[in-house]
Amino acid sequence: MTAAACINGAAGSYETWPYKENTAPQRKESEHDMNIIQTDALTKFYGASRGISNINLAVPEGDFFGFIGPNGAGKSTTIRTLLGLIAPTGGSAEIFGKEIKKQRNEILADIGYMPSEATFYRNMKVREVIQYSAALRGKRCDGEAEELCKRLELDTEKKIGALSLGNRKKVSIVCALQHKPKLCIFDEPTSGLDPLMQREFYAVLEERNAQGTTIFLSSHVLSEVQRYCKHAAVIRQGELLVSDSIANLGQAHAKRVSLRGVDAPPALDGIKDIKVCGDTVNFLYSGKPEVLLQALATLPLADVNIAEPDLEEIFLHYYQAD
């Protein structure tokens, strides 16, 4: 049976497609320290237009890795280049220790990919699309697909054309996860999902990660990265700015200062992100603590609070242009 025949065939035609038993990914001790994704100066230009430039990225096996940046930063370009959907202009990359251009088919067999915008055949039913996705991999994933659809509250008898954005996202999630890949790559996965479904989606990812699956999550929703990821990289204008553990990225020299009783911060260097609301002033301060305390002692303050900034504020520092 050809792929075209499978697209146009009835649901029952999938039964004749060759399939292999679906097994969960097993973490090998010899590969424990291997980087699942490794890039060396990976570059992609669209003619004279910037795509990504000299991306050096390392994602360890078994990690829950956040790839974050504002819209247009180069997140999707990086992912599409890694998957071989577009050819790099320069540099190199490996997934599972295999070169992305020479061993693309071997690599894709063990990847579950969810694009930011998935397009399906509108006249196919949900269960047909899910079965077709499994059939293209030569696998049968009925049990896992059924469980995922149940958890995501996805009606498999509806046609794709009748689904909302959120439900189309659910179809994409099931197609990406049903074959239990070693590496899951999600590009802006939660847009369109309601908060309860977002929570269930991440519960599934945490379970898979605990089993040894590597999760690579591209997102501009910083709270998601802070809550679920172990490591993260920040990309801006096509360049990788920083890559580290979430704990290390959260260690900032700046402090969030809140003053009540004044309408302006003290005149000091190192103050930014000033917010004034009535008789309260908030700002970030990155100077010497003793200088700040000396300045505050001269002000008619009703109250003062000095705290660590949240992770979102720290990441926004990387987002802002110099």
### Net charge over other residues, Cβ less than 11 angstrom from the Cβ of Asn56 (K, R count +1; D, E count -1)
-2
### Summary
Both in Å, the radius of gyration and Dmax of the C-alpha trace of the stretch 81-135 are 14.2, 41
### Query
Semi-axes of the stretch 3-249's equivalent ellipsoid from the Cα gyration tensor, sqrt of 5 times each eigenvalue, largest first, rounded to whole Å?
29, 20, 19
### Query
Among all the lysines, which ones have a C-alpha under 30 Å from Lys272's C-alpha, if same-chain residues fewer than 8 places away are not counted?
Lys75, Lys230, Lys255, Lys288
### Query
Within the chain, what percent of beta bridges assigned by DSSP are antiparallel, to the nearest 5?
65 percent
#### Entry: the chain: relative contact order in percent, alpha carbon pairs under 8 Å with at least 6 residues between
20 percent
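Values in this text are rule-based calculations from the coordinates and carry no lab data. All of these numbers come straight from a predicted model, not from anything done at the bench. Here the Cβ is made from the backbone with ideal geometry for all residues, glycine too, and neighbour counts use every protein chain on show.
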